[in-house]
Amino acid sequence: MQKLIIQGKKELKGKISISGSKNATLPILAASILANRVHLKNVPLVKDIFTMAELLNFIGLKTKFIKKENSIKIINNEKNINTLAPYKLVKTMRAGVLVLGSLLTKYKKAKVSLPGGCAIGSRPVDLHLFALKKLGANIKIKDGYILAEAKKGLKGAIIRFPSISVGATENALLAAFKAKGKTILKNCAIEPEIKDLILFLKKLGARINIKGRMIVISGNKIKNTKIIHEVIFDRIELGTYMIASALLAKKSITINKIDPKIVKSEISILRKIGIQIIRKKTSIKIKRNKKLKKINVTTKPYPGFPTDLQAQLMVLLTQVNGISRIKEDIFENRFMHVSELKRMGAEIEIKNKTAIIKGPTKLTGAEVMATDLRASVSLVLAGLVAENRTIINRIYHLDRGYEFLENKLKRCKAVIKRIK
Ligand code: UD1
């Protein structure tokens, strides 16, 4: 099994370019079932994307990565379509459940494995199914699979989500895409990745309007055309490197290929802590500040502070003066990184949904274990700021979502290597 070895306390300097968003690419790949030919650009070459492509191939589409230009071409020639998403693929990548909406729209039936829980929580899909039922789908659960059918096609409806879910909003959009009449989705997630999916669906012929947390879908005709789409940048990757810079860049690091307007809450929180950030149109400059202040943060759906940056922010808060608090309001079990950070010297206490972080503490290298994607990268950040050597096991979690992580960090003078 591969490991990462990091020699900590090295100053970071240089430039980092941000990759395309994994969480935007995944639903757009699911939406590609609705099209005939798609060329997606700015696609991150990470494990979850390869798994989604494998799922599309399994369904009967043809996918071809053009790795040197970070793009993928998808062709649906409607031959030998299999409306099934098997357990072996959905269990390794939960976003596989997003093909449900597209398959129902296009083929009026789908059999999709229930994804099951994961390290950060039970993660049910009841809200996905709630929306699909409201659109007229007949849904049964059998042998661990969702069996969905809409023989006469789906019908527009007014749907108010009882709580905000990214995946359920995406599945509802994919299912409402060709539903008869108008669909009004209320209390939706409005993450930038969802807006990117909507942009893609509009290229496919959708009429979609967003107002606050309400999305209205009406009168779509699927165009039989070739769609070219460039995926939005990965705001979580950006946030991760912003935190790395805040920890270790004495001189500023420039982070490119982004839109700072999309990460306002992250910039505002880092500035409150005392980090200096200069915003440009498509980049930011960011550097460490010796005097860092404590802060209280609660994770929220967009435009709030993302749960996907909670673990990384926690590492930064071990280095600020005073006691900070992070309340995790999205997932019930997303503090798995805490025990590993404590083994490196962090002083963190968990009370209900809140982590109480005492700073500044000296972190020292240790052998640690990654538990999920974002927890793994928080251990990388901790290793970069710790004294001595840190060894991170189970880094396949990192490979699910961070493109060229070691190379990007090495280019900024980090001492990090992968061993087999
Ligand atoms: C997406 C992101 C993930 C991010 C999360 C929250 C992708 C591929 N993944 O995951 O990185 O951490 O948004 O920003 O985009 N819930 C239910 N019932 C449902 C669906 C969700 O109770 O049917 C709950 C979840 O357990 C969780 C909360 O709603 O507590 C939010 O989850 P959701 O927004 O759906 O996250 P994902 O779409 O799975």
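The values are calculated or read from the model by the stated rules, or taken from the named source; none is laboratory data. Bear in mind the structure is a predicted one, so any value in this text is a computation, not a measurement. Please note: Cβ atoms are built from the backbone with ideal geometry, for glycine as well, and neighbour counts cover all protein chains shown. Remember, those area values only see protein heavy atoms, side chains included, never the ligands or the DNA or RNA. Shrake-Rupley method; radii C 1.70, N 1.55, O 1.52, S 1.80 Å.
Restricted to segment 33-50, and to residues there that are assigned to a helix (DSSP H, G or I) and not hydrophobic (A, V, I, L, M, F, W, C), the residue that is most open to solvent (accessible area, probe 1.4 Å) is Lys47.
Restricting segment 121-150 to residues that are open to solvent by less than 80 Å² (accessible area, probe 1.4 Å) and at positive phi leaves a set whose member that is farthest from the ligand (Cβ to nearest atom) is Gly136.
If you check Ile208 against the conditions, is it buried (at least 17 other Cβ atoms within 10 Å of the Cβ) and either over 30 Å from Leu405 (Cβ atoms) or not acidic (Asp, Glu) (or both)? So Ile208 fits the description; yes. All of (1) touching a strand residue (DSSP E or B) at 6+ places or on another chain (Cβ under 8 Å); (2) touching a residue at least 12 places away in the same chain (Cβ under 8 Å) hold for Glu349 with one exception: (2). Does Glu387 satisfy the criteria of being in contact (Cβ under 8 Å) with a residue 12 or more places away in the chain and open to solvent by 10 Å² or more (accessible area, probe 1.4 Å)? For Glu387, the condition - in contact (Cβ under 8 Å) with a residue 12 or more places away in the chain and open to solvent by 10 Å² or more (accessible area, probe 1.4 Å) - is met.
Checking Ser113 against (1) open to solvent by less than 30 Å² (accessible area, probe 1.4 Å); (2) closer than 23 Å to Val166 by Cβ; (3) more than 16 Å from the ligand (Cβ to nearest atom), which test does it fail? Result: Ser113 passes all but (3). Only one entry in Lys106, Lys195 is more than 19 Å from Ala85 (Cα to Cα), among the basic types (Lys, Arg) and not in a loop (DSSP other than H, G, I, E, B), namely Lys195. Just the residues that are open to solvent by less than 20 Å² (accessible area, probe 1.4 Å), within 18 Å of Glu237 (Cβ to Cβ) and more than 16 Å from the ligand (Cβ to nearest atom), please, taken from segment 284-300. Within segment 284-300, Ile284, Ile286 meet the criteria. Are any residues in segment 1-18 open to solvent by 10 Å² or more (accessible area, probe 1.4 Å) and not in a strand (DSSP E or B), and if so, which ones? Hits for segment 1-18 are Met1, Gln2, Lys9, Lys10, Glu11, Lys13.
Okay, residues lined up against (1) part of a helix (DSSP H, G or I); (2) outside the structural domain of Leu270 (by TED's automatic domain parsing); (3) under 27 Å from Asp48 (Cβ atoms):
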{"residue": "Phe331", "(1), (2), (3)": "no, no, yes"}
{"residue": "Glu340", "(1), (2), (3)": "yes, no, yes"}
{"residue": "Gly345", "(1), (2), (3)": "no, no, no"}
{"residue": "Glu349", "(1), (2), (3)": "no, no, no"}
{"residue": "Lys358", "(1), (2), (3)": "no, no, no"}
{"residue": "Val377", "(1), (2), (3)": "yes, no, yes"}
{"residue": "Ile392", "(1), (2), (3)": "no, no, yes"}
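Considering every residue within segment 246-261, establish whether at least one is assigned to a helix (DSSP H, G or I), open to solvent by 10 Å² or more (accessible area, probe 1.4 Å) and either under 30 Å from Pro27 (Cβ atoms) or in contact with a Cys (Cβ under 7 Å, 6 or more places away or on another chain) (or both). Checked against the condition, which is being assigned to a helix (DSSP H, G or I), open to solvent by 10 Å² or more (accessible area, probe 1.4 Å) and either under 30 Å from Pro27 (Cβ atoms) or in contact with a Cys (Cβ under 7 Å, 6 or more places away or on another chain) (or both), segment 246-261 yields at least one hit.
Beta carbons closer than 6 Å, at least 6 apart along the sequence or on distinct chains, never pair a first residue in segment 301-317 that is not assigned by TED's automatic domain parsing to the domain that holds Ala375 and more than 14 Å from the ligand (Cβ to nearest atom) with a second that is in a helix (DSSP H, G or I) and at pLDDT below 95.
One residue alone among Glu367, Glu347, Glu332 is in contact with a Gly (Cβ under 6 Å, 6 or more places away or on another chain) and open to solvent by 80 Å² or more (accessible area, probe 1.4 Å), and that residue is Glu332.
Residues checked against (1) over 23 Å from the mean Cα position of the chain (by Cα); (2) more than 19 Å from Ile273 (Cβ to Cβ); (3) not acidic (Asp, Glu):
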residue: Ser324; (1), (2), (3): yes, no, yes
residue: Leu341; (1), (2), (3): no, no, yes
residue: Lys351; (1), (2), (3): yes, yes, yes
residue: Lys362; (1), (2), (3): yes, no, yes
residue: Glu367; (1), (2), (3): yes, yes, no
residue: Leu379; (1), (2), (3): no, yes, yes
residue: Ala382; (1), (2), (3): no, no, yes
residue: Glu403; (1), (2), (3): no, yes, no
residue: Cys412; (1), (2), (3): yes, yes, yes
